[in-house]
Amino acid sequence: MKIPNKNSEQLADPHYVMLSHDVDATCIAMVQVSNGRLSAAFYGDTGAKCGHSWYYSQRRVNGLNINTKCVWLDADHSGRGFNARALSFHTRDMIPSFDKLELYNREPRYICCSTPRYSHWKHLLPNGEIIFFDPPLKYKNDSLNEEMEGTNENPDDAVDRVQYDKDVWRKQGEPEKYYRRNNRIPSTRLAKRQGSNVDPEHLVLTELPGQTAREICEDPNSVGYDIVSFVDMKYCDLSERKLYDLCNGVITTNCFDANSTSFVGNDARLARDESSVAGGPKKAYTSRDLWK
């Protein structure tokens, strides 16, 4: 979705971005901001690194053979795994220069513990107030490309010195009871949601590099769908966070058959309405996506 500039046709640099969503959960893979002079992009991997609820996506990072994660925004938190209605970021800190990326990968606290740089917010309304750098940071040129902006002069200047309340509705220091009482959102919770699984009747099958069923099962912040990964040849039952092998010529029982999308128990494929004596999942998928 493209949002046009409405700044009276005057060129201005976008300094901060805040997205606040409604009750229909959406997974954001990328937010790109550009005015022809400044171009920056927020990727879901950044949020996932900092504890934002996430899932895999099909969005490919520009120029690279990798796919970014997406992060969930949902106002009523219908499902145990959703933890944010809004996210915000400082655009200059999302410029993909070598020094910035090296700093964030080496020391995640320089992005995850810097509320103005990036944050996810549990309740923040569309007219909510985010935290700014005050005074603004000063930046050096990138060591590999002097035409690009590198890190700020003193990286520690960006790290939070106070603990901000990420559960606010409108602004820091608000009367909590007032906002909680006056901003209740009717829940759209679906009965079929199970734990971190937003739709137990949907299955994702992926061949995309780096997307493993093990990571989905083992990361406590993953939220989405059961997944078959042909990368690590595993199946993750996300409702229970249990990992199984895919059936093959050697593994023929207590495994998941990707062709029939059903669990194979002890010497027999389980009917979709039967429980597994082998402890396997009872599934009835009505839709599926194949990513490749």
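The values are calculated or read from the model by the stated rules, or taken from the named source; none is laboratory data. These numbers come from a predicted model, not from an experiment. Cβ coordinates were reconstructed from backbone atoms using ideal geometry, including for glycine residues, and neighbour counts include every protein chain displayed.
Name, by its number, the condition in (1) out of contact with any helix residue (DSSP H, G or I) (no Cβ under 8 Å at 6 or more places or on another chain); (2) within 22 Å of residue 222 (Cβ to Cβ); (3) among the polar types (S, T, N, Q) that does not hold for residue 115.
In the conditions (1) out of contact with any helix residue (DSSP H, G or I) (no Cβ under 8 Å at 6 or more places or on another chain); (2) within 22 Å of residue 222 (Cβ to Cβ); (3) among the polar types (S, T, N, Q), residue 115 misses (2) alone.
Can you pull out the residues in segment 200-258 that are closer than 19 Å to residue 282 by Cβ, under 20 Å from the mean Cα position of the chain (by Cα) and among the hydroxyl-bearing types (Ser, Thr, Tyr)?
Of everything in segment 200-258, those that are closer than 19 Å to residue 282 by Cβ, under 20 Å from the mean Cα position of the chain (by Cα) and among the hydroxyl-bearing types (Ser, Thr, Tyr) turn out to be 225, 239.
For segment 250-292, how many residues are modelled with pLDDT of 90 or more and surrounded by fewer than 13 Cβ atoms within 10 Å (Cβ to Cβ)?
Our first condition is that a residue be modelled with pLDDT of 90 or more; within segment 250-292, this holds for 250-264, 285-292.
The next check asks that each one be surrounded by fewer than 13 Cβ atoms within 10 Å (Cβ to Cβ); those that pass are 250, 252, 259-260, 286-287, 289-290, 292.
Residues in segment 250-292 being modelled with pLDDT of 90 or more and surrounded by fewer than 13 Cβ atoms within 10 Å (Cβ to Cβ): 9 in total.
Kindly provide the set of residues from segment 123-146 that are assigned to a loop (DSSP other than H, G, I, E, B) and more than 25 Å from residue 170 (Cβ to Cβ), ordered by number.
Correct list: 137, 138, 142, 143, 144, 145, 146.
Considering each residue of segment 53-95, count those that are of a type in the set (Lys, Arg), touching a residue at least 12 places away in the same chain (Cβ under 8 Å) and under 26 Å from residue 15 (Cα atoms), and give that number. Break it down into steps so the answer makes sense when it comes.
Going residue by residue through segment 53-95, those that are of a type in the set (Lys, Arg) are 59-60, 69, 80, 85, 92.
So of that shortlist, the ones also touching a residue at least 12 places away in the same chain (Cβ under 8 Å) come out as 59, 69, 80, 85, 92.
Now drop any that are not under 26 Å from residue 15 (Cα atoms), which leaves 59, 69, 85, 92.
Adding up the residues that qualify gives 4.
For segment 103-119, how many residues are in contact with a Cys (Cβ under 7 Å, 6 or more places away or on another chain) and either part of a strand (DSSP E or B) or of a type in the set (S, T, N, Q) (or both)?
1
Would you be able to say whether some residue in segment 62-71 is within 28 Å of residue 174 (Cα to Cα) and buried (at least 17 other Cβ atoms within 10 Å of the Cβ)?
Of segment 62-71, the ones within 28 Å of residue 174 (Cα to Cα) are 71.
Narrowing further to those that are buried (at least 17 other Cβ atoms within 10 Å of the Cβ): 71.
Yes, segment 62-71 has at least one match.
Condition check: touching a His at 6+ places or on another chain (Cβ under 6 Å), at pLDDT 95 or above and closer than 24 Å to residue 150 by Cα. Does residue 87 satisfy that? Walk me through how you get there before you give the answer.
Values: touching a His at 6+ places or on another chain (Cβ under 6 Å): yes; at pLDDT 95 or above: yes; closer than 24 Å to residue 150 by Cα: yes.
Against the criterion (touching a His at 6+ places or on another chain (Cβ under 6 Å), at pLDDT 95 or above and closer than 24 Å to residue 150 by Cα), residue 87 qualifies.
It is to be established whether one or more residues within segment 126-146 are of a type in the set (Ser, Thr, Tyr) and buried (at least 20 other Cβ atoms within 10 Å of the Cβ).
Quick first cut of segment 126-146, residues of a type in the set (Ser, Thr, Tyr) only: 139, 143.
Subset that is buried (at least 20 other Cβ atoms within 10 Å of the Cβ): none.
Scanning segment 126-146 turns up no residue that is of a type in the set (Ser, Thr, Tyr) and buried (at least 20 other Cβ atoms within 10 Å of the Cβ).
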